[in-house]
Amino acid sequence: ALQVLEQRRQRNKVSAILLLTDGQDGSTRPQLPALLALAREESCAVYAFGFGSDHDAVLMAEVSEQAKTPFTYVEDTENLQDIFAGAVGGLTSVVAQDVELTLTCQVPLKQLHTPFPVQRDADGQRATVRIPDIFAGETRDVLVELEVPAGGNAGPDTLFDSRLQYRDLHRGCVLQTPLVSMQATRVDEPQPEVEPDEEVSAQRERVEVMQALQAATAHGEGGDFQEAQSVLTAAEDRMSRKGKKTRMTDALGAELADAKSRMASRSAWESGGRAEVKDAVQMHQVQRCTNIAQSSRSRMKCSKAMYSSPASSAWVAKSQSKS
């Protein structure tokens with residue numbers, strides 16, 4: 001597939017390789033990092049699809065993590081047509097490529113929660129996040145942790161400045177947004193505590209659930225399913241104690257409950273549980289899902305719809321009307 005890309009005479013703005021495999025080919029595994037690097041040089045996305053409960057989900061998830069794309073677990077092959085429709089539909093709607101979000105912080109930057117490559121200056125106060133592409137109607141949220149010193153003069157303090165640069169596929173040029181600043185206002189008198197921003201709270205829930213799934217997966221890979229259950233139960237408890245729900249709370253709660261069923265035993269983990277949870281982790285990380293087909297074993301889940309772009313959903317609907 002890479003040879004075809006390298007030898008093509010006409011180059012589309014959007015290109016992708018759909019990798020369909022059971023992953024059970026240990027002889028070529030060491031070549032994958034170099035192959036994925038070549039794909040990036042060709043500005044080609046790689047989408048991995050794992051078939052059946054016995055495929056190498058670890059390998060396929062590694063491919064997706066390096067490619068910064070969703071990993072799609074095809075548990076029910078009767079959904080295959082709709083799954084490919086969702087993937088191709090999303091690719092037809094790419095509106096921006098080479099997206100760069102730059103933050104220049106005036107206070108210490110503790111952490112950026114994003115799966116995409118981050119380049120930080122030597123002093124650590126300037127960071128650039130590089131996102132390969134965006135489908136129409138998608139969002140990418142970067143959760144930022146800052147260390148804001150107490151005290152200081154009353155009035156507004158700038159915490160950081162941000163700017164976005166990207167290649168607009170419709171206009172055929174590179175665009176840059178105006179500088180946007182985030183400010184905190186210091187006051188002389190103590191103020192009553194206000195409700196946290198609802199969207200920030202939703203993104204914190206997404207990151208916390210994703211981290212819980214990753215931690216539980218590590219225990220599952222080690223065969224300690226009791227500890228995996230404890231991690232997921234603790235995450236459920238933290239969400240239930242927060243009181244006010246966000247737009248993501250119910251879907252993320254169902255995600256945790258499904259993961260618990262997938263890690264109930266070694267047999268559940270080996271017969272598709274590993275693949276489903278790794279699919280979920282990657283989906284929540286990159287905030288993209290081209291597969292909105294409901295798994296026969298995960299009827300309670302509704303998180304996929306949160307990340308399906310309008311074009312992906314429309315192509316799936318069209319596929320279903322023709323099947």
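The values are calculated or read from the model by the stated rules, or taken from the named source; none is laboratory data. For clarity, every value in this text was computed on a predicted model and none was experimentally measured. Note: ideal-geometry Cβ built from the backbone for every residue, glycine included; neighbour counts use all protein chains shown. Ligands, DNA and RNA are excluded from the accessible area calculation, which covers all protein heavy atoms including side chains. Shrake-Rupley method; radii C 1.70, N 1.55, O 1.52, S 1.80 Å.
Given the criterion surrounded by fewer than 18 Cβ atoms within 10 Å (Cβ to Cβ) and modelled with pLDDT of 95 or more, identify the matching residue among D197, D224. Going through D197, D224 in turn, just one is surrounded by fewer than 18 Cβ atoms within 10 Å (Cβ to Cβ) and modelled with pLDDT of 95 or more: D224. When the strands (runs of 3 or more DSSP E) confined to region 150-222 are screened for residues that are within 22 Å of K110 (Cα to Cα), those reaching at least 2 such residues are found at 155-168, 180-186. Test T185 against the stated conditions and say whether it is in contact with a strand residue (DSSP E or B) (Cβ under 7 Å, 6 or more places away or on another chain), loosely packed, with under 12 Cβ neighbours inside 10 Å and not basic (K, R). For T185, the condition - in contact with a strand residue (DSSP E or B) (Cβ under 7 Å, 6 or more places away or on another chain), loosely packed, with under 12 Cβ neighbours inside 10 Å and not basic (K, R) - is met.
Looking across H55, H113, one residue alone is surrounded by 13 or more Cβ atoms within 10 Å (Cβ to Cβ) and at pLDDT 90 or above. It is H113. Among the residues of region 237-269, those identified as outside any helix (DSSP H, G or I) and either more than 23 Å from S295 (Cβ to Cβ) or among the hydroxyl-bearing types (S, T, Y) (or both) are K242, G243, K244, K245, T246, S265.
Scanning region 24-34 for residues that are touching a residue at least 12 places away in the same chain (Cβ under 8 Å) and open to solvent by 70 Å² or more (accessible area, probe 1.4 Å) yields a total of 2. The condition of being in a loop (DSSP other than H, G, I, E, B), in contact (Cβ under 8 Å) with a residue 24 or more places away in the chain, over 30 Å from V129 (Cβ atoms) and open to solvent by less than 60 Å² (accessible area, probe 1.4 Å) holds for A293. In the set (1) under 18 Å from the mean Cα position of the chain (by Cα); (2) under 22 Å from K322 (Cβ atoms), the condition left unmet by A57 is number (2). Checking each residue of region 245-252 against the condition of being without any contact (Cβ under 8 Å) to a residue 40 or more places away in the chain, closer than 30 Å to E195 by Cα and surrounded by fewer than 23 Cβ atoms within 10 Å (Cβ to Cβ) gives at least one match. Being of a type in the set (A, V, I, L, M) and either buried (at least 19 other Cβ atoms within 10 Å of the Cβ) or modelled with pLDDT of 95 or more (or both) is the filter here, so list the residues in region 123-147 that pass it. Result: A127, V129, I131, I134, A136, V142, L143, V144.
Kindly indicate whether A127 is under 24 Å from V4 (Cα atoms) and outside any loop (DSSP other than H, G, I, E, B). Criteria not met by A127.
Within region 157-178, the set of residues being modelled with pLDDT of 95 or more and loosely packed, with under 11 Cβ neighbours inside 10 Å comprises C173, P178.
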